[in-house]
Every structure is written in C-alpha cells, then in structure tokens.
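Asks: Provided herewith is a single structure, encoded as structure tokens, for subsequent inquiry.
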Amino acid sequence: MPVALILSTGEPRPGQDGDFAARIDARLRAKLSAQVSLAGGGSNAGGHAGGMLAIHHGCRMLQEGKAQFCLVGGVDSYLEPETLEWLDEREQLHSDENTYGFCPGEGAGFCLMTKLQTARRLAIQPLLEVVCTSVAFEENKIKTRTVCLGEGLSTAFQLLFEQAPTDPVDRIICDMNGERYRGNEYGFAVLRNPGRFRDAADFETPADCWGDVGAASGPLFVSLVAQAEARGYRKGPLSLIWASSENGTRAAALLGGPRGSR
C-alpha cells in the first residue's frame, strides 16, 4: 500500500542551504523505496514548526482521501561549524553572558499516520489520535524591531480549540528554548484563550534536555505523548503540542489516546 512522505527541515541558513530539504527528501525516498512503496507528499524548509506542518498536511491528505498512509516528520541540525558561528554572531547561543540564548541540537522524528478505519481494517493498533491541528502566521517576527504580542500563536490556539472538545488541555509540550521572545508570545496566547488549559504554567520544554532540535520538534513531541499513553503516566486525555518558526509560521496540534481510551 503506497505511503505519502512529507518531510520538513530547518529554514535556510549558513550550514544548511536552501536545497537541504530536497536533498534529504531524495535520499530518504531512495533508502525507503526498497521496503516501502512511496507515492506523493513532498518537502519544505519549514523551520521550528516544520515537523508540525508535516503533521498538519498529513492530516489533510488523509481527510481528503489523497493518501491512505502518511509518513510525516522533521530533520534538523544546528551542529555545523558555519551554523554555530552564525548563531554566535546573532547572539542566539546560550552562554554565561547570554542567558536568553539556546543550546543547539540535532534530531529527526517521524510519525506514521492513517485513518482509524484503515488501521482497524488492517488490524493495526493506533498509539494516539490526532484530534485536530492548526496553522497560523505571526507578522511580528523574532529578531526584528517589531513588538510581538503573540497574535500568530493566539490564532493557532483559537483555530485549534474551535475544532476541539471542550475539555481543558492536560499537558503542554512546546519548542520554547530559552529565548525570551518565545516565552512572551506563549503568555499572550494563553491570555487570549482563557479556560482552555488545566494549568497553562505547567508546560514542558524538551529543549532543556535534548537541545533545540528545530524542525524535528513536533514529531518528537508526539513520541513523548505516545510513551506517556503507552506506559500509563499521562496527565489527562488531551495534550497540546506547538512550535514557532522564525519565518512566522505557528503550528499546533491536540493529541489524545487511541479512540475509545478517552
């Protein structure tokens, strides 16, 4: 059965040029083609929210009947000499002198997605349900002279909650990495979406442990929620994951346990 591959990488920057996404996509398709029939999908350099965008587009392809399975994910790395020098020049690296910088990392994360009825027909046990996804855009970007009031992330949350159950979000996982901008926009977004969080201050920032993994963030957040579900230590039925790209893209998703477990 054909699988659509949707891949995202970091935004173009020193050490990761504009062709990086296409090259990684081609190499991955070549390696997977021996075991899997791939058809459709594509790649983009989406930045921090890239992996989340892949999940969003995978959901749309499945809903519109354009694919029966989607392999969606993100690949990113800041651990290139040119990238590290560039980050240092932009004062984005965390250090004793720059407490609002971030610790660079690298990673890859992927999720195999399908509709519930397809999984049941093929006797596949789902690990999670994607309840809904959303994408929005922030005009006042990081590293500009504009003042960010979190309008893009607020809109992403609002669009998400319009599709969601009325139950409050139990767990929050995000790509905040120590940069003040990201914390500020989250604060504004929470204020514009009152009553939707069980405890908005109780959020998780995996970049504290594995570094900033850029476009791989979203799919790796999914793995954290899946493990909590499988091992029985989830905080509640609904988990929110979100990420923000420097290019202004904001993406979010609500995840729940497999249908019938909530």
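The values are calculated or read from the model by the stated rules, or taken from the named source; none is laboratory data. All values reported here derive from a predicted model rather than from experimental measurement. Cβ sites come from the backbone with ideal geometry, for glycine too, and all protein chains shown count toward neighbours. The accessibility values were calculated without ligands, DNA or RNA, using every heavy atom of the protein model including side chains. Shrake-Rupley method; radii C 1.70, N 1.55, O 1.52, S 1.80 Å.
Asks: For the peptides 65-73, 198-206, 248-256, what is the packing order when you average, over each peptide's residues, the other Cβ atoms within 10 Å and list the highest mean first?
Replies: On the way: 65-73: 20.8, 198-206: 15.0, 248-256: 24.8.
Order by mean packing, descending: 248-256, 65-73, 198-206.
Asks: Still on this structure: How do 19-27, 50-58 rank on mean C-beta neighbours within 10 Å, highest first?
Replies: Details: 19-27: 16.0, 50-58: 28.8.
Packing order, densest peptide first, comes out as 50-58, 19-27.
Asks: Applying the Karplus parametrisation 6.51 cos²θ - 1.76 cosθ + 1.60 with θ = phi - 60° to the phi angles of region 92-97, what ³J(HN,Hα) value in whole Hz is obtained for each residue in order, glycine and proline being reported as x?
Replies: Karplus-based 3J(HN,Hα) across region 92-97 equals 9, 7, 6, 7, 4, 8 Hz.
Asks: Each residue of region 117-127 in order: what ³J(HN,Hα) in whole Hz does its phi give by Karplus 6.51 cos²θ - 1.76 cosθ + 1.60, θ = phi - 60°, with x for Gly and Pro?
Replies: 5, 5, 4, 5, 4, 9, 6, 9, 8, x, 8
Asks: Sticking with this one: Across every pair of different alpha-carbon atoms, what Kirkwood hydrodynamic radius in Å does region 137-262 reach?
Replies: Numbers: mean 1/r = 0.0670 Å⁻¹.
By the Kirkwood definition, the hydrodynamic radius is 14.9 Å.
Asks: So what is the accessible area of region 1-117 per residue, in Å², with the probe set to 1.4 Å? Write down the numbers at each step before the final one.
Replies: Working: 5880 Å² over 117 residues.
Computed with neighbouring chains in place, this is 50 Å² per residue.
Asks: Apply the Debye scattering formula to region 131-189, with a single equal point scatterer on each alpha-carbon and no solvent, then give log10 I(q)/I(0) at q = 0.19, 0.26, 0.27, 0.29 Å⁻¹.
Replies: Results for region 131-189 at q = 0.19, 0.26, 0.27, 0.29 Å⁻¹ read -0.74, -1.18, -1.23, -1.32.
Asks: Moving to a separate point now. Counting only protein heavy atoms and using a 1.4 Å probe, what share of the accessible area of region 85-141 belongs to carbon plus sulfur, as a whole percent? Mind showing how you got there, number by number?
Replies: Numbers: 1760 of 3660 Å².
Of all accessible area on region 85-141, carbon and sulfur atoms account for 48 percent.
Asks: Gain in length, ARG180 to LEU116, computed as 0.36 nm per residue apart minus the alpha-carbon separation, to one decimal in nm? Don't skip to the end; give the middle numbers.
Replies: Details: separation 64, 0.36 × 64 = 23.04 nm, distance 3.97 nm.
So the chain would gain 19.1 nm between ARG180 and LEU116.
Asks: Okay, next question. Just the number, please: carbon plus sulfur as a percent of the accessible area of region 177-262, 1.4 Å probe, no ligands or DNA/RNA counted. Show your work: numbers first, answer last.
Replies: Details: 1820 of 3490 Å².
Its accessible area is 52 percent carbon and sulfur atoms.
Asks: Still on this structure, please answer the following. Calculate how many DSSP beta bridges within region 136-262 are antiparallel, expressed in % of all such bridges and rounded to the nearest 5.
Replies: The answer is about 55 percent antiparallel.
Asks: Next question, about the same structure. Students often forget the sequence filter, so: which lysines lie under 22 Å Cα-Cα from LYS66 once same-chain residues fewer than 8 apart are removed?
Replies: Partners found: LYS115.
Asks: Assign unit charges at the C-beta atoms only (+1 for Lys and Arg, -1 for Asp and Glu), then state the dipole size of region 43-173 relative to its Cα centre in Debye, rounded to the nearest 20. Walk me through the numbers before you get to the answer.
Replies: Values: 10 positive and 18 negative charges, 203 e Å.
I would put it at about 980 debye.
Asks: Continuing with the same structure: State, as an integer percentage, the relative contact order of region 41-158 based on alpha-carbon contacts under 8 Å between residues 6 or more apart. Intermediate results must be reported in sequence, preceding the final value.
Replies: On the way: 115 pairs, mean separation 26.7, N = 118.
Computed value for region 41-158: 23 percent relative contact order.
Asks: Report ³J(HN,Hα) in whole Hz for each residue of region 241-257, in order, from the Karplus equation J = 6.51 cos²θ - 1.76 cosθ + 1.60 where θ = phi - 60°; Gly and Pro get x.
Replies: My calculation for region 241-257 gives 10, 8, 8, 10, 8, 5, 6, x, 5, 10, 9, 8, 8, 9, 10, x, x Hz in order.
Asks: Only one of the listed values, [x] 0.98; [y] 1.41; [z] 1.15, was derived from the coordinates as Cα Rg over 2.2 N^0.38 Å; which label is it?
Replies: Here Cα Rg over 2.2 N^0.38 Å agrees with entry [x].
Asks: Using per-residue counts of other Cβ atoms within 10 Å, averaged over each peptide, order 176-188, 235-247, 28-40 from highest down. Display every interim value, and only then the final one.
Replies: On the way: 176-188: 18.8, 235-247: 23.8, 28-40: 12.3.
Descending packing order for the listed peptides: 235-247, 176-188, 28-40.
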